[in-house]
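For reference, the structure is listed below as structure tokens.
Where a number appears in this text, it was derived from the coordinates with a stated rule and is not lab data. Keep in mind that what you see is a predicted model, and the values were worked out from it rather than measured. A quick note on method: Cβ atoms are made from the backbone with ideal geometry, for glycine too, and the neighbour counts reach across all protein chains shown.
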Amino acid sequence: MSPKRGDRVAPPAVGDEYELRFATTEACNGWDQLAKQAGPNTRRAFDAIRASPRGVGNSDRQHRLKGVLGSATWKGCVVERWQYEVTGGGRIWYLIDDERRTAWITYAGAGHPKSTE
């Protein structure tokens, strides 16, 4: 369907960008809360992950998780799990699905995920 006057403008797709998708309902809810608390930072995270999910040039905020948290099985394949530090405590965790050129957000929230405790 073509856009109409008054519709929201979607950013243009660039061939090498990744799509961002929610892997869980909890990630959807956490994203909304994070965006309300730190909107500009969440937007920067969105843009950075979409442009370079492996954090090229953004190692201070974006890095692969360590140890057993650094990988996960997604849709039958082992994939890398990365983190973007949105704020001092706010985090986004995502899986990099190179085959689908998609970053699957598994956690978003204003605090550290429980699995790191």
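A few remarks follow.
- Scanning the range 37-56 for residues that are aliphatic (A, V, I, L, M) and free of Cβ contacts under 8 Å to residues at least 12 places away in the same chain gives a single hit, VAL56.
- Subset of the range 15-56 [crowded, with 16+ Cβ neighbours inside 10 Å, small (Gly, Ala, Ser) and within 13 Å of the chain's Cα centre (by Cα)]: ALA23, ALA27, GLY30, ALA35, ALA45, ALA48, GLY55
- Checking LEU34 against (1) in contact (Cβ under 8 Å) with a residue 60 or more places away in the chain; (2) within 17 Å of TRP82 (Cα to Cα), the condition it does not meet: (2)
- Test for ARG81: is it among the basic types (Lys, Arg) and within 15 Å of LEU34 (Cα to Cα): no
- Residues of the range 15-25 classified as out of contact with any helix residue (DSSP H, G or I) (no Cβ under 8 Å at 6 or more places or on another chain) and either over 16 Å from TYR107 (Cα atoms) or basic (Lys, Arg) (or both), total: 3
- Pairs are defined by a Cβ separation below 6 Å, a sequence spacing of at least 6 or placement on different chains, a first member in the range 57-75 that is among the basic types (Lys, Arg), and a second member that is not in a strand (DSSP E or B); the pairs so defined are ARG64/GLY70.
- Scan the range 60-110 for residues that are under 26 Å from PRO40 (Cα atoms), surrounded by 15 or more Cβ atoms within 10 Å (Cβ to Cβ) and small (Gly, Ala, Ser) and the total you get is 5.
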